[in-house]
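K.L.:
Below: one structure in structure tokens.
The values are calculated or read from the model by the stated rules, or taken from the named source; none is laboratory data. Model, not experiment: these values are computed from the prediction. Backbone-built Cβ (ideal geometry, glycine too); neighbour counts: all protein chains shown. Only protein heavy atoms, including side chains, enter the accessible area calculation; ligands, DNA and RNA are left aside. Shrake-Rupley method; radii C 1.70, N 1.55, O 1.52, S 1.80 Å.
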Amino acid sequence: NEVVGTGDWEDEASLGEVWKSRNAYSYGRSEGGGGTKSGTSRPEVLNKLLATTERIVQEIDSVEYGLTDIQEYYSNTGALKKAAENRKPIDKSTGKAQKVAVSVIEAFGGPRTDDDCVPVRDVEEVLRIEYRSKLLNPKWRDAMLEQGSGGAYEVSQRMTAMIG
């Protein structure tokens, strides 16, 4: 997150590499040596896992917060997606790396149909719903602005998350 905030990155691929470098550690009884809890860097294991990733699933487990409400949801998931795409082979027809899909499960509501399945949505659909129901909704915006500085801050945070 701080890499984005400081502008200390070159391109999207570098954001994925920052995520990978910070998440290549494994923890367990025999990790860290000498009884420390520092973990052991295992980038080769993470690289293999990322190379086989076809879809990332982000669970939203709160009725109060959506995908765009908590920075951890979109920043971590986006960087994980990019790290996996960095390890994909180049598609000869497009000249670009294969894409990794992102799905969102809103687990707080439980199944919405008779087949007992919690709905899984593509991230694009979830973002459209959230932006239409909040940021682009004049009733929501006006209600936030009526709250004074706290509401204005909320609108500002969402705009920053949406367009940077």
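K.L.:
Consider GLY95 carefully, then state whether it is over 22 Å from VAL3 (Cα atoms) and at pLDDT below 85.
P.N.:
Numbers: over 22 Å from VAL3 (Cα atoms): yes; at pLDDT below 85: no.
No, not satisfied.
K.L.:
Tell me which residues, restricted to the stretch 41-57, are hydroxyl-bearing (Ser, Thr, Tyr) and either closer than 27 Å to GLU154 by Cα or surrounded by 12 or more Cβ atoms within 10 Å (Cβ to Cβ) (or both). Even if it seems obvious, please write down each step before you answer.
P.N.:
Within the stretch 41-57, the first condition is being hydroxyl-bearing (Ser, Thr, Tyr), and the residues that meet it are 41, 52-53.
Across the stretch 41-57, the qualifying residues are SER41, THR53.
K.L.:
Another question, if that's okay. Looking at the stretch 20-31 only, could you name the residues that are open to solvent by 40 Å² or more (accessible area, probe 1.4 Å) and at pLDDT 85 or above?
P.N.:
Pass one, the stretch 20-31, residues open to solvent by 40 Å² or more (accessible area, probe 1.4 Å): 21-23, 25, 27-30.
SER21, ARG22, ASN23, TYR25 - these are the residues of the stretch 20-31 that are open to solvent by 40 Å² or more (accessible area, probe 1.4 Å) and at pLDDT 85 or above.
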